[in-house]
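Student: The structure under discussion is supplied below as structure tokens; questions concerning it will follow.
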Amino acid sequence: MSRTIGVVVSSRIVAGLVENNKLVGSLRVYPEDPEDHEALLDHPVESLCRLILDQAMALPIDGPIDGIGVALPGIVRSGIVEDSPNLVQLKGARMAEALTEVFQAQGVSAPVRCLNDADAIAAGVAVVHDMRNRLVRIWSLGNGIGFGRFPYAEGVWEGGHMVVTLDPKETYCGCGGRGHLEGIMGYRAMRLRFLDMEPEEVFAAAKRGDARCMEFVRLWHRGLAAATATSIHLGGPGPFYFTGNSIHFLDLGLLKEYLWQMVKMSPLQNYILNVLPNNSDVAVIGAAAWARLSF
Ligand SMILES: [Zn+2]
């Protein structure tokens, strides 16, 4: 039996105890209010490490732990966060090292492994839906647009920053790059584009027939279809999962229609599009599985 801790850090910190790829007890969450999207922004790295430790230590740990997997937003390689546009204080942080120290100070000597948060969801899907021998790709739609894949492959995989338009006016991406998917789909980017409307109001107005909002909703879906089509043209077809805080905006039928227009080579057309409920269970299980580095 394996016992690991999975932690997912996004706009919140969520920790869970996992035994044999199943959650034991309930998840620990900071902050508790799901609407508090800014709670982590002001915490420096040391303080974030302390918050992660606090959530993990509050789990019903009873006996030795085999590993701790911590999923973080951004480019995460070899335990270092190379960049993190949506949690900027993490840029350059040696998180695996820092977390190992704080856990060891509490008497927990299990290895700490860090991974990208979207990769944690992909790993979780592979484990929970028994797809360990498939290429699983996920899109996580929130402030940032996360792209995750399983199995692990060396690379950067910042799919949310794929260029999906050559329009020079598309400048809303948090990273500053032009024409990026996140600049269209990201929640923060949508608020910058429609200064007078919240994203929820934009999608509601589109349903009522507002021309400007309808045009944007089409662009939103075409952007996601374009990035998915590019991933299919590079990596082949297979299962794609869509999740995240903005998942309620997704019209799967419209996405399929656009993707059908973009992927025409018959060996590439057996892709499968699935919606994954927006909760942290799968990502926590994925982060925990990563801690063992065996699936
Ligand atoms: Zn970008």
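Student: So what is the calculated 222 nm ellipticity per residue for the chain, using -39500 (n - 2.57) for each DSSP H run with n of 4 or more, over all residues, to the nearest 500 deg cm²/dmol?
Tutor: On the way: 9 runs with 105 residues, N = 295.
It comes out at -11000 deg cm²/dmol, rounded to the nearest 500.
Student: Suppose R0 equals 41 Å. What FRET efficiency, 1/(1 + (r/R0)^6) with r the Cβ-Cβ distance, do GLN269 and ILE80 give to the nearest 0.05?
Tutor: Working: r = 39 Å, r/R0 = 0.95.
Calculated value: 0.60.
Student: What do the square roots of 5 times the Cα gyration tensor eigenvalues come to for the stretch 8-111, in whole Å, largest first, as semi-axes of the equivalent ellipsoid? Before the final figure, lay out each step's value.
Tutor: Values: eigenvalues 93, 58, 30 Å².
That gives 22, 17, 12 Å for the three semi-axes.
Student: Using Cα positions and a limit of under 22 Å, work out the lysines in reach of LYS207, with same-chain residues fewer than 8 apart set aside.
Tutor: The qualifying lysines are LYS256.
Student: Now for a different question. Determine, from the Cβ-Cβ distance of GLU46 and ARG212 and an R0 of 45 Å, the FRET efficiency 1/(1 + (r/R0)^6), rounded to the nearest 0.05.
Tutor: Values: r = 45 Å, r/R0 = 1.01.
The value I calculate is 0.50.
Student: Moving on. Can you tell me which of HIS129, HIS43, HIS248 moves the most in a GNM of the chain? Springs connect C-alpha atoms under 10 Å apart.
Tutor: Judging by the Gaussian network model, the answer is HIS129.
Student: Taking GluC sites (Glu not before Pro) as exposed when DSSP calls them loop (any state but H, G, I, E, B) and at most 15 other Cβ atoms lie within 10 Å, what is the longest stretch of the chain free of them, the sites themselves excluded? Don't jump to the answer; show the numbers that get you there.
Tutor: On the way: sites that count: GLU32, GLU35, GLU38, GLU154.
Result for the longest clean stretch: 155-295.
Student: Further, regarding this structure: Could you tell me the distance between the Cα centroids of the stretch 201-258 and the stretch 95-109, to the nearest Å?
Tutor: Going from one Cα centre to the other spans 41 Å.
Student: Continuing with the same structure: Can you give the Kirkwood hydrodynamic radius of the stretch 79-185 from its Cα pairs, in Å with one decimal? Write down the numbers at each step before the final one.
Tutor: Working: mean 1/r = 0.0643 Å⁻¹.
Kirkwood hydrodynamic radius for the stretch 79-185: 15.6 Å.
Student: Tell me, what is a quarter of the convex hull surface for the C-alpha atoms of the chain, in nm² with one decimal? Walk me through the numbers on the way to the answer.
Tutor: Working: hull surface 60.6 nm².
Averaged projected area of the chain's Cα convex hull equals 15.2 nm².
Student: Now, a different point. Tally Lys/Arg at +1 and Asp/Glu at -1 over every other residue whose Cβ is under 13 Å from the Cβ of ALA205; what's the total?
Tutor: On the way: positive: LYS207, ARG208, ARG212; negative: ASP196, GLU198, GLU200, GLU201, ASP210, GLU215.
Combined, the nearby Lys, Arg, Asp and Glu give -3.
Student: Residue separation times 0.36 nm, minus the C-alpha to C-alpha distance between ASP36 and ARG132: what's the value? It would help to have the intermediate numbers written out before the result.
Tutor: Working: separation 96, 0.36 × 96 = 34.56 nm, distance 3.45 nm.
Full-extension gain reported as 31.1 nm.
Student: Related question: For the ranges 206-214, 262-270, what's the packing order if you count other beta-carbon atoms within 10 Å of each residue, average per peptide, and put the highest first?
Tutor: Final packing ranking: 206-214, 262-270.
Student: Moving on. Give me the Å³ per residue figure for the convex hull around the C-alpha atoms of the stretch 218-271.
Tutor: Output value, Cα hull per residue: 75 Å³.
Student: Give me the one-decimal nm value for the distance between modelled label points at ASN279 and LYS169, 7 Å along each residue's Cα-to-Cβ direction.
Tutor: 4.3
Student: Check every DSSP H run in the chain and write down those whose alpha carbon atoms cover 24 angstrom or more along the long axis and whose mean Kyte-Doolittle hydropathy is -1.0 or greater.
Tutor: On the way: long enough: 211-235 (36 Å, 0.36).
Once both thresholds are applied, what remains is 211-235.
Student: Cα convex hull of the stretch 134-275: mean projected area in nm², to one decimal? Kindly include the intermediate steps, with their values, before the conclusion.
Tutor: On the way: hull surface 33.7 nm².
One quarter of the hull surface, i.e. the mean projection, equals 8.4 nm².
Just so you know, all these numbers are worked out from the coordinates, no wet-lab data involved. Just so it is clear, the model here is predicted, and its values are computed rather than measured. Cβ: placed from backbone, ideal geometry, glycine included. Neighbour counts: every protein chain shown.
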